[in-house]
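A.B. asks: The following block contains the structure, expressed as structure tokens.
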Amino acid sequence: MKFIKKYIKVVDSLNERIGSITSWLTALLVLVVSYDVFVRYLVGESSVGLQEFEWHIFALIFLVSAAYTLKIDEHVRVDVFYTRFSQKNKALVNLFGSVFLLIPFCLIVILASQDFVELSFRVKETSPDAGGLPARYILKAFIPVSFILLLLQGLALAFKSFLQIKAK
């Protein structure tokens, strides 16, 4: 039981810090998009590299913050029945969903993305567009990293749900 509580605390803390960092990426994205709009419409210039930088930041925000979003229970859920459930039934749904849906899905994505990311690193993948960004392989490396974080948080959710069920 001690291990489970320690695990939850460590993973929650890790994803809390990552969520904080991601919020700064969101602020950076707003600044970059504002600059891009200013330059494009007032100066009449446009940059493929800048536009790619925008979607790279967005991809990082989306990928890396998924585990934090799960941690704070703000992920997308169809709440038709869930909101009416008792705390114990919510914990049962969360435990079932984590063990049979979320964790297997994370494992599949982690395993399936290995060759994809490895190939990208091996060829030192860059943007196919003239003026695009180099080192696209670094961005692709965040696919398995983000799903590892989501897997860890999914395990923490399963443990929390188990403890909640056991306590009642």
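A.B. asks: Suppose the filter is farther than 22 Å from I148 by Cα, of a type in the set (G, A, S) and either part of a helix (DSSP H, G or I) or modelled with pLDDT of 95 or more (or both); does G19 pass it?
C.D. replies: Values: farther than 22 Å from I148 by Cα: no; of a type in the set (G, A, S): yes; either part of a helix (DSSP H, G or I) or modelled with pLDDT of 95 or more (or both): yes.
Answer is no for this residue.
A.B. asks: Another one. From the list I143, I148, which one is farther than 23 Å from K9 by Cα, at pLDDT 95 or above and β-branched (V, I, T)? Write out each step before concluding.
C.D. replies: Details: I148 fails: farther than 23 Å from K9 by Cα.
Only one candidate passes the filter, namely I143.
A.B. asks: Working carefully through the options S13, S47, find the one that is polar (S, T, N, Q) and surrounded by 12 or more Cβ atoms within 10 Å (Cβ to Cβ). Working first, answer last.
C.D. replies: Working: S13 fails: surrounded by 12 or more Cβ atoms within 10 Å (Cβ to Cβ).
That would be S47, the only listed residue that is polar (S, T, N, Q) and surrounded by 12 or more Cβ atoms within 10 Å (Cβ to Cβ).
A.B. asks: Same structure again: Let me spell it out: the conditions are (1) at pLDDT below 95; (2) closer than 27 Å to E54 by Cα, and K124 meets all of them except one. Which number is the exception?
C.D. replies: (1)
Residues checked against (1) within 18 Å of V64 (Cβ to Cβ); (2) outside any helix (DSSP H, G or I):
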| residue | (1), (2) |
| --- | --- |
| L101 | no, no |
| F105 | yes, no |
| I110 | yes, no |
| D115 | no, no |
| E118 | no, no |
| F121 | no, no |
| T126 | no, yes |
| G131 | no, yes |
| P134 | no, yes |
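A.B. asks: Another one. Is segment 67-77 home to any residue that is more than 20 Å from Q153 (Cα to Cα), in contact (Cβ under 8 Å) with a residue 12 or more places away in the chain, out of contact with any Cys (no Cβ under 8 Å at 6 or more places or on another chain) and surrounded by 15 or more Cβ atoms within 10 Å (Cβ to Cβ)?
C.D. replies: The first filter runs over segment 67-77 and keeps only residues more than 20 Å from Q153 (Cα to Cα), leaving none.
Checked segment 67-77: no residue is more than 20 Å from Q153 (Cα to Cα), in contact (Cβ under 8 Å) with a residue 12 or more places away in the chain, out of contact with any Cys (no Cβ under 8 Å at 6 or more places or on another chain) and surrounded by 15 or more Cβ atoms within 10 Å (Cβ to Cβ).
A.B. asks: If you don't mind, another one. Taking the options L42, L28, name whichever one is more than 23 Å from R136 (Cα to Cα) and either of a type in the set (F, W, Y) or in a helix (DSSP H, G or I) (or both).
C.D. replies: Details: L28 fails: more than 23 Å from R136 (Cα to Cα).
Only one candidate qualifies: L42.
A.B. asks: Pull up segment 110-140, narrow it to residues that are among the β-branched types (V, I, T) and more than 24 Å from S13 (Cα to Cα), then point me to the one that is surrounded by the most Cβ atoms within 10 Å (Cβ to Cβ).
C.D. replies: To start, the set of residues in segment 110-140 that are among the β-branched types (V, I, T) comprises 110, 117, 123, 126, 138.
Narrowing the set further to residues that are more than 24 Å from S13 (Cα to Cα) leaves 117, 123, 126, 138.
Numbers: V117: 19, V123: 10, T126: 13, I138: 15.
Only one residue tops the list, namely V117.
A.B. asks: Now for a separate question. Evaluate the following for W55: is it within 22 Å of A130 (Cβ to Cβ), of a type outside the set (D, E) and at pLDDT 95 or above? Break it down stepwise before answering.
C.D. replies: Working: within 22 Å of A130 (Cβ to Cβ): yes; of a type outside the set (D, E): yes; at pLDDT 95 or above: yes.
So W55 passes the test.
A.B. asks: Suppose we filter segment 65-84 for residues that are modelled with pLDDT under 95 and either assigned to a loop (DSSP other than H, G, I, E, B) or over 16 Å from S98 (Cα atoms) (or both); how many remain? Don't jump to the end; show me each part of the working.
C.D. replies: Taking segment 65-84 first, the residues modelled with pLDDT under 95 are 73-84.
After this cut, where a residue has to be either assigned to a loop (DSSP other than H, G, I, E, B) or over 16 Å from S98 (Cα atoms) (or both) as well, the list is 73-81, 83-84.
Result for segment 65-84: 11.
A.B. asks: Right, something else. What pairs can you find where one residue is in segment 134-162 and within 30 Å of M1 (Cβ to Cβ), the other is part of a helix (DSSP H, G or I) and of a type in the set (S, T, N, Q), and their Cβ atoms are less than 7 Å apart, with a gap of 6+ or different chains?
C.D. replies: Close Cβ pairs (under 7 Å, with a partner that is part of a helix (DSSP H, G or I) and of a type in the set (S, T, N, Q)) amount to L149/N15; Q153/N15; G154/S98; L157/N94; L157/S98; A158/S98; S161/N94; S161/S98.
The values are calculated or read from the model by the stated rules, or taken from the named source; none is laboratory data. These numbers come from a predicted model, not from an experiment. Reconstructed Cβ throughout: ideal geometry from the backbone, glycine too, with neighbour counts over all protein chains shown.
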